[in-house]
Structures are given as C-alpha cells and as structure tokens.
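Rule-based calculations on the coordinates, nothing more; no lab input. Model, not experiment: these values are computed from the prediction. All Cβ positions, glycine included, derive from the backbone under ideal geometry; neighbour counts span all protein chains shown.
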Amino acid sequence: MGPIMCYADTTTETDNTVTAFCYCGWVEYGHTQESADAAAEAHQNAPDAIDAATV
Ligand SMILES: [Zn+2]
C-alpha cells in the first residue's frame, strides 16, 4: 500500500457557491472560491487529518 494520492478540484455552482471535491469521495459545499481552493489544497496535503476534522 502506497501513500494516498488525492487530487482535489473546485466547481462553481449555479447559486455561485463553490464546491470543493476529490475523486476519493471527499466533498465540501458552500465555499467561496478562496476558501474552496484552500480546502482543496489542505485536503490534498493531509486527507486523513481533514477527514478526522470534518463534521
Ligand atoms: Zn481525496
């Protein structure tokens, strides 16, 4: 088993909120573009820590 490689991306919804998501199943809704980029970068760098911190 190797390290988990995540590649998170963002998409702008029709209501102008930004969703950050990853092919691994991680997703966060209701961001601004800035916070979505930050969340996506944080997820890629530490997916386990983000998962533990979510809720
Ligand atoms: Zn991921």
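Listed values, structure above:
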{"item": "Cβ crowding within 10 Å averaged over residues, with 20-29, 34-43 ranked highest first", "result": "34-43, 20-29"}
{"item": "Two-site FRET efficiency, Ala46 against Thr12, from Cβ-Cβ distance with R₀ of 25 Å, rounded to 0.05", "result": "0.50"}
